[in-house]
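Every read-out reported here was derived from the displayed coordinates using simple, explicitly stated rules and does not represent laboratory data. The shown structure was predicted, so the numbers you read here are calculated from the model rather than taken from an experiment. Virtual Cβ from ideal backbone geometry, glycine too; neighbours counted across all protein chains shown.
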Amino acid sequence: MKVYYDDEVDALYLNFGDETPDGVIEISEGVNLDIAHENKIVGIEILNASKKLDLKTTLSYTLEFDKNLILQNTA
């Protein structure tokens, strides 16, 4: 997943892959799902993002890994 934020227009975009969207579904005012074939979600656009969520939390990341999964893959 890639996250893009444009502070000039206050828009946040979550990109879930390399597929090109071929449609958009508006789920609420200023929140749109980009979809590909068979309604697969390939992105989410949030307009006026700073008014809809806490950008400090959203734009900071923590990765947590399952220790057992890591051990299985390295054994």
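List of remarks:
- Most fluctuating residue given options GLU64, GLU45, GLU19, as computed from a GNM of the chain linking Cα atoms under 10 Å: GLU64
- Summing charges over all other residues whose Cβ lies under 11 Å from the Cβ of ILE35, with Lys and Arg as +1 and Asp and Glu as -1, gives -3.
- Projecting the Cα positions of VAL9, ASN39, THR62 onto the charge dipole of the chain (unit charges on Cβ atoms of Lys, Arg, Asp and Glu, taken about the Cα centre) puts THR62 furthest along the positive direction.
- MRE, 222 nm, helices only [DSSP H, n ≥ 4, -39500 (n - 2.57), over the chain, to nearest 500]: -4500 deg cm²/dmol
- A DSSP coil position with no more than 15 other Cβ atoms inside 10 Å describes the following chymotrypsin sites (Phe, Trp or Tyr not before Pro) in the stretch 1-33: PHE16.
- Counted over all Cα-Cα pairs of the stretch 2-74, pairs farther apart than 16 Å make up 59 percent.
- Computed over neighbours whose Cβ is under 13 Å from that of VAL9, the net charge equals -4, Lys and Arg +1, Asp and Glu -1.
- The value of relative contact order for the stretch 2-74, using C-alpha pairs under 8 Å at least six residues apart, is 25 percent.
- Charge dipole magnitude, Cβ of K and R +1, D and E -1 - the stretch 2-74, Cα centre, debye nearest 20: 380 debye
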